[in-house]
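Written below as structure tokens is the structure these notes are about.
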Amino acid sequence: MLRLVAGLFSLCLAAATVAEEVVDAAALARLEGAAGWPVVDVRDLSERSREPIPGALEFGPELSVAGPVLVVASEESIAQLTAVAIESRLPGAEAYAVSGGVDTLRAIRSDLLPSPDGSNMPGTFTIPSDTCQVGEPLHTFSDENK
């Protein structure tokens with residue numbers, strides 16, 4: 001009976017320590033389905049503005065995730081601490097700290113690859129005529145051929 005309890009306890013500890021693991025690009029590529037997992041972005045605001053991660057979640061009291069999640073930060077230690085905090089606060093969450101930040105995440109997320117022209121500007125931008133009323137836009141800039 002003592003062996004059974006000890007075995008179950010060690011399994012619980014092993015399951016709860018996913019946050020202790022820091023994954024690099026090779027390990028991230030081996031994680032099945034990781035490209036579709038939610039991403040918690042805890043990078044500095046300037047980095048998030050310069051290179052946004054589409055659909056990324058912010059770490060805060062309103063964060064609610066279950067299952068596997070990737071944590072991207074400016075520094076590996078911050079990613080690991082955030083992953084531990086997520087797992088301790090949200091039962092059922094498995095947080096993986098990503099080593100190398102958004103550069104490592106690019107290995108599995110094609111939507112993060114730089115554009116061919118080297119710009120991260122959108123292809124189309126609309127200037128609204130009046131933000132309080134519905135109507136025709138003032139002008140639409142587009143890099144698409146007409």
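A few notes on this one:
- Counted residues, the range 60-81 - those being farther than 24 Å from S110 by Cβ and surrounded by fewer than 20 Cβ atoms within 10 Å (Cβ to Cβ): 10
- One residue from A83, A6, A16 being hydrophobic (A, V, I, L, M, F, W, C), modelled with pLDDT under 85 and touching a helix residue (DSSP H, G or I) at 6+ places or on another chain (Cβ under 7 Å): A16
- Considering residues of the range 89-109 that are of a type outside the set (A, V, I, L, M, F, W, C) and out of contact with any helix residue (DSSP H, G or I) (no Cβ under 8 Å at 6 or more places or on another chain) only, the residue modelled with the highest pLDDT: R89
- Looking across the range 25-37, just one residue is more than 14 Å from the chain's Cα centre (by Cα), part of a loop (DSSP other than H, G, I, E, B) and exposed (fewer than 14 other Cβ atoms within 10 Å of the Cβ), and that is E32.
- Residue within the range 35-44 that is of a type in the set (G, A, S), at pLDDT below 90 and closer than 30 Å to T140 by Cα present: no
- V72 satisfies every condition listed in (1) under 21 Å from E21 (Cα atoms); (2) β-branched (V, I, T); (3) in contact with an Asp or Glu (Cβ under 7 Å, 6 or more places away or on another chain); (4) at pLDDT below 90 except (4).
The values are calculated or read from the model by the stated rules, or taken from the named source; none is laboratory data. Just so it is clear, the model here is predicted, and its values are computed rather than measured. FYI the Cβ positions are ideal-geometry reconstructions off the backbone, even for glycines, and counts take in every protein chain you see.
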